[in-house]
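Shown next, in structure tokens, is the structure this report addresses.
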Amino acid sequence: MITMDDIVREGAPVLREKAEEVNLPASNDDNETLQEMLQFIKNSQDDEIAKKYNLRPGVGLAAPQIGISKRMLAVHFTDFNEKEYSMGLFNPRIVSHSVEKTYLQNGEGCLSVDRDVPGIVPRYARITIQATNLDGEQVKFRLKGYAAIVLQHEIDHLDGIMFYDHIDEQQPFQPPENSTAAEEM
Ligand code: NB4
Ligand code: NI
């Protein structure tokens with residue numbers, strides 16, 4: 001199972017690399033790795049297991065964070081309208097997005113960053129994603145608000161981008177133009 005010892009921390013070159021497309025159909029290895037990444041997130045949200053293995057809670061994980069520079073990610077969360085998302089994705093792509101922006105009022109954190117970096121992280125308010133799921137099916141999602149933020153954070157990792165790269169150093173707490181807090185959407 002994946003534990004915090006497997007999580008690569010900032011400073012590691014792999015977190016700043018553009019990850020490689022996964023050859024599809026995915027190999028057993030890649031399928032197993034993505035399954036394990038999804039299981040890690042579920043474990044991290046289970047109080048008992050998280051306590052036993054000292055896991056930091058998370059709602060998403062990208063392969064570069066376990067040292068694998070491949071375009072695959074897993075998410076497991078419930079959005080503010082109680083809609084559940086639990087999936088592993090290969091080669092996710094944002095095929096369209098809104099001009100309007102959104103952000104989490106409390107900012108963001110990252111399992112690869114062992115420090116708080118306060119500030120607003122502007123994200124697209126609505127996105128459309130295309131990808132291949134763990135069953136090898138082509139999937140297309142329209143996401144908004146919190147769900148859109150989670151997937152953008154993970155896809156950024158596949159492009160070597162960290163959440164704090166988006167924070168405006170001059171005005172870290174200034175909501176961007178034409179934006180709505182995810183909690184208000
Ligand atoms: C990814 C998220 C940071 C902002 C928002 C949140 C948590 C992460 C990083 C957008 C994506 C991990 C991957 C949480 C968390 C709310 C839901 C359900 C019950 C506890 C859990 C706590 F843990 N971020 N951590 N950070 N990342 N919400 N929740 N709760 O997930 O670095 O690249 O279990
Ligand atoms: Ni992260």
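The values are calculated or read from the model by the stated rules, or taken from the named source; none is laboratory data. Not measured: the values here are computed from a predicted model. So basically every Cβ, Gly included, is an ideal-geometry build from the backbone, and we count neighbours across all protein chains shown. Only protein heavy atoms, including side chains, enter the accessible area calculation; ligands, DNA and RNA are left aside. Shrake-Rupley method; radii C 1.70, N 1.55, O 1.52, S 1.80 Å.
Excluding residues fewer than 8 places away in the same chain, name every one of the lysines whose C-alpha is closer than 23 Å to that of Lys101. By straight Cα distance, Lys101 reaches Lys83, Lys140, Lys144. Expressed as a whole percent, the accessible surface of region 4-184 that belongs to carbon and sulfur atoms is 45, based on a 1.4 Å probe. Using only the alpha-carbon atoms, how far is helix 145-158 inclined from the longest principal axis of the chain? Give it as 0 to 90 degrees, nearest 10. Computed tilt is about 60 degrees.
The helix-based estimate of mean residue ellipticity at 222 nm for the chain, built from -39,500 (n - 2.57) per DSSP H run of four or more residues and divided by its residue count, is -6500 deg cm²/dmol to the nearest 500. Of the peptides 142-148, 52-58, the ranking by mean beta-carbon count within 10 Å, highest at the top, reads 142-148, 52-58. Across region 4-184, the relative contact order, built from alpha-carbon pairs under 8 Å that are at least six residues apart, equals 25 percent. The separation of region 1-51 from region 61-102, counted between C-alpha centres, amounts to 13 Å. The residues packed around Asn28, meaning those with a beta-carbon under 15 Å from its beta-carbon, carry a net charge of -4 if Lys and Arg are +1 and Asp and Glu are -1. Ranked by the mean number of other Cβ atoms within 10 Å of their residues, highest first, the peptides 64-73, 18-27, 88-97 fall in the order 64-73, 88-97, 18-27. Highest GNM mean-square fluctuation among Asp165, Asp30, Asp156, for the chain modelled with Cα contacts below 10 Å: Asp165.
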